[in-house]
1. Any idea how many residues of the stretch 132-144 are crowded, with 18+ Cβ neighbours inside 10 Å and farther than 18 Å from N284 by Cα?
2. Taking the condition of being touching a residue at least 60 places away in the same chain (Cβ under 8 Å), open to solvent by 10 Å² or more (accessible area, probe 1.4 Å) and hydroxyl-bearing (S, T, Y), how many residues in the stretch 273-297 meet it?
3. For the list (1) over 21 Å from P216 (Cβ atoms); (2) surrounded by fewer than 22 Cβ atoms within 10 Å (Cβ to Cβ); (3) at pLDDT 95 or above, I need the number of the one condition that P309 fails.
4. Going through the stretch 227-253 one residue at a time, which ones are open to solvent by 10 Å² or more (accessible area, probe 1.4 Å), out of contact with any His (no Cβ under 9 Å at 6 or more places or on another chain) and within 16 Å of the ligand (Cβ to nearest atom)?
5. Could you name every one of the helices (runs of 4 or more DSSP H) located completely within the stretch 124-191 that has at least 2 residues being over 19 Å from D251 (Cα atoms), more than 16 Å from the ligand (Cβ to nearest atom) and not hydrophobic (A, V, I, L, M, F, W, C)?
6. List the number of the failed condition for D204; all other conditions in (1) at pLDDT 95 or above; (2) within 14 Å of the ligand (Cβ to nearest atom) hold.
7. Considering the stretch 152-173 alone, what residues qualify as being in contact (Cβ under 8 Å) with a residue 60 or more places away in the chain and either among the basic types (K, R) or crowded, with 17+ Cβ neighbours inside 10 Å (or both)?
8. With respect to T262, determine if the residue is hydroxyl-bearing (S, T, Y), open to solvent by less than 50 Å² (accessible area, probe 1.4 Å) and out of contact with any His (no Cβ under 8 Å at 6 or more places or on another chain).
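The values are calculated or read from the model by the stated rules, or taken from the named source; none is laboratory data. No experiment lies behind these values; they were computed from the predicted model shown. All Cβ positions, glycine included, derive from the backbone under ideal geometry; neighbour counts span all protein chains shown. Ligands, DNA and RNA are stripped out before the accessible areas are found, and what is left, the full protein with its side chains, is counted by its heavy atoms. Shrake-Rupley method; radii C 1.70, N 1.55, O 1.52, S 1.80 Å.
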Amino acid sequence: MEPKDHKKRIQILRRVILLAVAAAIMIPVMLCIIIATRYDRAMDALDRSREELTWYKNHYDARETWEAALTAAATQAVEQSRAQETGGMGNTAGGDAPEAEPQETGEEEAVPEWDGIRRVYLTFDDGPSSSTDDILSILRDYGVRATFFVIGKPDKRYEEIYNRIVTDGHTLAMHSYSHKYSVLYESMESFQTDLHKLQNFLYDTTGIWCKLYRFPGGSSNNASGTDMGELMAYLDRENITWFDWNVDGGDASGSMSAYQITERVLNGIQDYHNSVVLLHDAANKQTTVEALPTIIEALQAMDDTELLPITEDTEPIHHVVTR
Ligand SMILES: [Zn+2]
């Protein structure tokens, strides 16, 4: 019995020693692994924070730069406008006018004498969108009324936006229901169907019977498979006034910076007594929203300049139709 007992005790002791040795090795190893993992995580978090900080810093620096550039552009435009006013402003010719060289066709009737007030009509095409609320808030903050050439978006979330355009005092105008050139301009019938669909949709949504229209792509577009002259004549028969633009913010391209849009608008309006300014209301046109406060501040700082919504009495701006 005794040697057996002894043997057993030795066995137990050996196990205890082995366990102790294993623990002595394993515990520090485990600790090392835990500490190393935590350290890694901490370093990752630190790296991320550092990246974030750098991003914020760059973003802030960039913002300061373009804000300064925008303010400089606005100041320059105001100065130019003052200089031009003192030197008289006769040049309604194209100047730096962008792209299609839009001109007022104006029937041959005598041009009424200019009353010395420069009128600027800001217009926003293609809405409503996720940007509309921001645009509307900026306009409200500056006490400016504008014109929205909207399309048909039966989505419930836009119902409120169509109505906010109206209740904020802006002009709700039409820009086709579908905005699909291939459908809209396919034939006179498809144009009529689209027009009435939008007119009825806007009436049902807001109670406004719209009588102002802007052709997608403008009246001088090259996409129409139907004679634009016939479509214009149809609008006339329907008592709908249509508008192109003579100042192009250039934001249709999607790559314009806020600074470029501001410069184009402020330079463009120098050429006209009545400027209809083309801008866009779309989710991906964030730079338009960024540019808007500076554009408005510059225009409001100019003497004898009014920012107005288009009405049926506004003198229409029509591109020269070449086809
Ligand atoms: Zn459009």
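1. So the answer is 2.
2. So the count comes out to 1.
3. With respect to (1) over 21 Å from P216 (Cβ atoms); (2) surrounded by fewer than 22 Cβ atoms within 10 Å (Cβ to Cβ); (3) at pLDDT 95 or above, P309 is out only on (1).
4. D248, S253
5. 132-141, 156-167
6. (2)
7. H170, T171, A173
8. yes
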